[in-house]
Amino acid sequence: MKKILIMILCCAMICVATGCVQEQTKGGQTKGKESKGGLVISADSPVTELGTLPIVSKPVTLSCLFVKAFDNVDYSVENNVVLQWILEQTGIKLDIEYVSAADAVTRKQVILASDDYPDIIWHAGLSQADVANYGMNEKILIPLNELIENYSYWFNDCLEEMPNLLTAVTQADGNIYGIPNSEVSYHTEYSKKMWVNCDWLEALGLDAPETTEEFYNMLVAFKTQDPNGNGVTDEVPLTGSTPGWYSDPCLYLLNSFVPYNNADYTPYLFNDDGTVRTCATM
């Protein structure tokens, strides 16, 4: 949640702050509040004091192009409790156009070739070549360097923990045109993993298995000892999905028997001293 919050706050603050430019009075004087980097917040800007929530004094709506990773998932704000909470905390509203992954390239090209750009392009998979073209060459994407330094309070905290985070997105001209996505948490560091129902372990007085034999005995207990307490031995001890993203339990279980990391995305094949073998023969 923290990483999502950082990203939304950063995007929101940057987009709101793009309106924080020097405004000259008739007498030639600049009016507004000056930030530490020299950018000036106009007197009527809704931006609140740095580091406070909400980040605006009145609701601000930002347009957003969002590319869906999976077409069968509902990404709407109405069905996303975390995003609802973030928007409530920030005071930001999002007018989101959802695009399927299959249509993403075409839609991005159409939008970036027009004069009607969204405030935020989120999860759009812009390549380094795209960023260089639309940022350095076409000047469609605005440089974020000063805005990150002066307005991105929470993101700068993140940069202190991961100082190299912006290296990959800094272009040849020294400018940054996009915010990188970074997730650092224990459960997201490993794609092939397995979850155990701890309520069932507790109900049967079992410890988490540490060996393949203990794992097998746990599954047998789940199947035969009614851990959910409904009086019927109807539990399914192990589930998975072969079409899903790394949801096939075999990919996780194989490492208990043969070294296998699926690094080249060839399921059930592995390199045995230069010889390609299938796990079924081991």
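Quick note: the coordinates plus some simple rules give every number you see, no bench work behind them. Because the structure is a prediction, the values reported are computed rather than measured. Note that each Cβ is placed from the backbone with ideal geometry, even for glycine, and that neighbours are counted across all protein chains shown.
Ranked from highest to lowest mean number of other Cβ atoms within 10 Å per residue, what is the order of the peptides 246-254, 134-142?
Values: 246-254: 16.6, 134-142: 15.0.
The packing order, highest mean first, is 246-254, 134-142.
Please tell me the relative contact order of the stretch 198-281 in percent, rounded to the nearest whole number, where contacts are Cα pairs under 8 Å and at least six residues apart. With pairs under 8 Å counted, the relative contact order is 15 percent.
Please give the FRET efficiency for Gln128 paired with Thr106, using the beta carbon to beta carbon distance and R0 = 25 Å, rounded to the nearest 0.05. Don't skip to the answer; put the middle values down first.
Details: r = 20 Å, r/R0 = 0.79.
E(calc), rounded to 0.05, equals 0.80.
Simple spin-label estimate for Glu97 and Thr242 gives 4.0 nm between the two label positions (7 Å along the Cα-to-Cβ direction from each Cα).
Can you pull the percent of Cα pairs in the stretch 183-224 with separation above 13 Å? Of all Cα-Cα pairs in the stretch 183-224, 59 percent lie more than 13 Å apart.
Rg then Dmax, both in Å and based on the Cα atoms of the stretch 154-282: 21.2, 68.
What net charge do the residues around Lys223 carry, taking every other residue with its C-beta under 13 Å from that of Lys223, with Lys and Arg at +1 and Asp and Glu at -1? Counting the neighbours of Lys223, the net charge comes to -3.
State which entries of Lys139/Lys193; Lys93/Lys192; Lys68/Lys193; Lys93/Lys193; Lys68/Lys223; Lys58/Lys139 exceed 32 angstrom in Cα-Cα distance in the structure shown. Before the final figure, lay out the partial values.
Details: Lys139/Lys193 43 Å; Lys93/Lys192 36 Å; Lys68/Lys193 24 Å; Lys93/Lys193 36 Å; Lys68/Lys223 37 Å; Lys58/Lys139 30 Å.
Listed pairs above 32 Å: Lys139/Lys193; Lys93/Lys192; Lys93/Lys193; Lys68/Lys223.
Let me know the shape class of the stretch 200-258, please: from the alpha-carbon gyration tensor, a ≥ b ≥ c as square roots of the eigenvalues, rounded when a/c is under 1.5, otherwise prolate if a/b is greater than b/c, or oblate. Oblate is the answer for the stretch 200-258, as a/c is 1.5 or above yet b/c matches or exceeds a/b. When the Cα gyration tensor is reduced to axis lengths a ≥ b ≥ c, the ratio a/c is 1.5 or higher for the stretch 42-100, and with a/b above b/c it is classed as prolate.
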